Amino acid sequence: MGPVRGLKKRRKIEKKPEENASASSEKERSIDWWDELSKKMNGLQSPSKGLDKFKSVFKISRKTFNYICSLVKEDMMAKQANFTFSNGKPVPFEDQVAVALRRLSSGQSLVMVGDSFGLHHSTVSQLTWRFVEAMEERGLHHLQWPTTEAEMTGIKSKFERILGLPNCCGVIDTTHVMMCLPSSDPASKVWLDHEKNHSMVLQAIVDPEMRFRDIVTGWPGNIEDWLVFQSSNFFKLCDKGDRLNGEKLELPEGSEIREYIIGDLGYPLLPYLVIPYEGKELPELRVEFNKRHSATRLVAHRALSRLKEMWKIIQGVMWRPDKHKLPRIILVCCLLHNIVIDLEDDEQDEMPLSHDHDSGYHQQTCGSVDINGVHLRDKLSLYLSGKLPP
């Protein structure tokens, strides 16, 4: 978040001629780099179409690509390695980043990505992992809980503008990253979920701009949503009163609405986690609350859908992944998702959200209720209906 604000500020400052010349030189060098790579890649033979093809290949703008390069360059270049194309020529740094991003965004096999770049599949694997390690080290500031009251106030205002929920700080949701594991391996049974798929869970708390603010991953897909949540550092901080403890909304009759997040029925009703009312033939007041609650939760659904649409390595069924490396790959995909938002990349607006991020998975029900959560939900319901006492 910090670097993004810095970038915005610098854009407002008029550049000196020397800076403009340097920027122009850098742009020409980048175009030359992409022209050379596009000639190597299968299906990108025409240099005149090179720049048009960039976004279709990597799903991000040149601005975002250059920023990602600036993040990982020091770490990726620090390790000695002689990566070469099949013709024996060395793989330049930008090409290394391009290979990794293509692997993550396309979801294609190591062999297919290698063939399109003229690389051995083992080189694609090494470059992708080197990129993942560098992003973990240099990109974590793009995924964090708001650190200032002003930032949190902005988030709460944007949530309220969706359908009126006041003082809401986030939406929590879960998706499954499916894996193809050998049935002959007894350890594979650990990863078999309720829908008979081998999978790993990703649980995320999302802000109104579809930015991930907190994630938990690495758990087998058969672990219930509420158990994954209870394992998280976020839950522990909330229980200790160290999170969602900011400014309260004072109501006319003298009571208050604290900060909270919302989730579906797979989570418990807590003093700081609000779920929908359950049951049929609910009173109109509760039906209206559930409609607003559901519409606001769509932010998380869209965020997870976009994550899997853009970074297809976690969209399909991964072939026998390393279960120790997969959580780190998922994390980096989340970081890249946030970077695209932070840099206001136009590509995110052009991408259709046709993918159901958890197709085939049924709604879980936790059923656990905290009395303070009941009071908060009822208070929110009355507030939204305009029926709070004066």
From the list LEU165, LEU237, pick out the single residue that is aliphatic (A, V, I, L, M), under 27 Å from ASP378 (Cα atoms), modelled with pLDDT of 95 or more and open to solvent by 10 Å² or more (accessible area, probe 1.4 Å).
LEU237
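I'm trying to understand the selection: among the residues of segment 240-251, which are open to solvent by 40 Å² or more (accessible area, probe 1.4 Å) and either in a loop (DSSP other than H, G, I, E, B) or touching a residue at least 12 places away in the same chain (Cβ under 8 Å) (or both)?
First, pick out the residues of segment 240-251 that are open to solvent by 40 Å² or more (accessible area, probe 1.4 Å): 240, 242-243, 245, 247-250.
ASP242, ARG243, ASN245, GLU247, LYS248, LEU249 - these are the residues of segment 240-251 that are open to solvent by 40 Å² or more (accessible area, probe 1.4 Å) and either in a loop (DSSP other than H, G, I, E, B) or touching a residue at least 12 places away in the same chain (Cβ under 8 Å) (or both).
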So which of SER255, SER305, SER294 ends up being of a type in the set (S, T, N, Q) and either touching an Asp or Glu at 6+ places or on another chain (Cβ under 8 Å) or not assigned by the TED database to the domain that holds ASP173 (or both)?
SER305
Just need a number here: residues in segment 220-239 that are more than 16 Å from GLY263 (Cα to Cα) and not polar (S, T, N, Q).
6
Which pairs turn up if I take residues in segment 54-73 that are within 15 Å of ASP35 (Cα to Cα) and without any contact (Cβ under 8 Å) to a residue 12 or more places away in the chain and look for partners that are assigned to a helix (DSSP H, G or I) and open to solvent by less than 10 Å² (accessible area, probe 1.4 Å) with beta carbon separation below 9 Å, at least 6 apart in sequence or on another chain?
none
Hey, HIS198 hits all of (1) crowded, with 18+ Cβ neighbours inside 10 Å; (2) under 19 Å from TYR267 (Cβ atoms); (3) touching a Ser or Thr at 6+ places or on another chain (Cβ under 9 Å) but one; which does it fall short on?
(2)
Which of the residues spanning segment 168-187 are of a type in the set (A, V, I, L, M) and more than 24 Å from GLU247 (Cα to Cα)?
VAL177, MET178, MET179, LEU181, ALA187
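Is it true that LEU282 is assigned to a loop (DSSP other than H, G, I, E, B) and crowded, with 16+ Cβ neighbours inside 10 Å? So that I can check it myself, show each step before the final result.
Numbers: assigned to a loop (DSSP other than H, G, I, E, B): yes; crowded, with 16+ Cβ neighbours inside 10 Å: no.
It is false that LEU282 is assigned to a loop (DSSP other than H, G, I, E, B) and crowded, with 16+ Cβ neighbours inside 10 Å.
Based on this model, can you work out whether THR128 counts as among the β-branched types (Val, Ile, Thr) and under 19 Å from LEU336 (Cβ atoms)? Before the answer, list the steps.
Numbers: among the β-branched types (Val, Ile, Thr): yes; under 19 Å from LEU336 (Cβ atoms): yes.
For THR128, the condition - among the β-branched types (Val, Ile, Thr) and under 19 Å from LEU336 (Cβ atoms) - is met.
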Across segment 62-95, what is the total count of residues that are surrounded by 20 or more Cβ atoms within 10 Å (Cβ to Cβ) and within 17 Å of ILE329 (Cβ to Cβ)?
4
For segment 313-341: of the residues being open to solvent by 10 Å² or more (accessible area, probe 1.4 Å) and at pLDDT 95 or above, which is nearest to LYS63 (Cα to Cα)?
ILE341
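Using the structure shown, decide if GLY254 is in contact (Cβ under 8 Å) with a residue 60 or more places away in the chain and small (Gly, Ala, Ser). Steps first, please.
Values: in contact (Cβ under 8 Å) with a residue 60 or more places away in the chain: no; small (Gly, Ala, Ser): yes.
The answer is no for GLY254.
Considering segment 142-162 alone, what residues qualify as being under 20 Å from the mean Cα position of the chain (by Cα) and open to solvent by 50 Å² or more (accessible area, probe 1.4 Å)? Before the answer, list the steps.
Residues of segment 142-162 that are under 20 Å from the mean Cα position of the chain (by Cα), as a first pass: 142-147, 151-152, 154-156, 158-159.
Of everything in segment 142-162, those that are under 20 Å from the mean Cα position of the chain (by Cα) and open to solvent by 50 Å² or more (accessible area, probe 1.4 Å) turn out to be GLN144, THR147, LYS158.
Name the residue, out of SER183, SER231, SER188, that is open to solvent by less than 20 Å² (accessible area, probe 1.4 Å) and farther than 19 Å from ARG297 by Cβ.
Numbers: SER183 fails: open to solvent by less than 20 Å² (accessible area, probe 1.4 Å); SER231 fails: open to solvent by less than 20 Å² (accessible area, probe 1.4 Å).
Exactly one residue qualifies, and that residue is SER188.
The values are calculated or read from the model by the stated rules, or taken from the named source; none is laboratory data. Computed from a prediction, not measured in an experiment: that's the story for all the values here. Ideal geometry is used to build each Cβ from the backbone, glycine not excepted, and the neighbour counts take in all protein chains shown. For accessibility, only protein heavy atoms count, side chains too; no ligands or nucleic acids. Shrake-Rupley method; radii C 1.70, N 1.55, O 1.52, S 1.80 Å.
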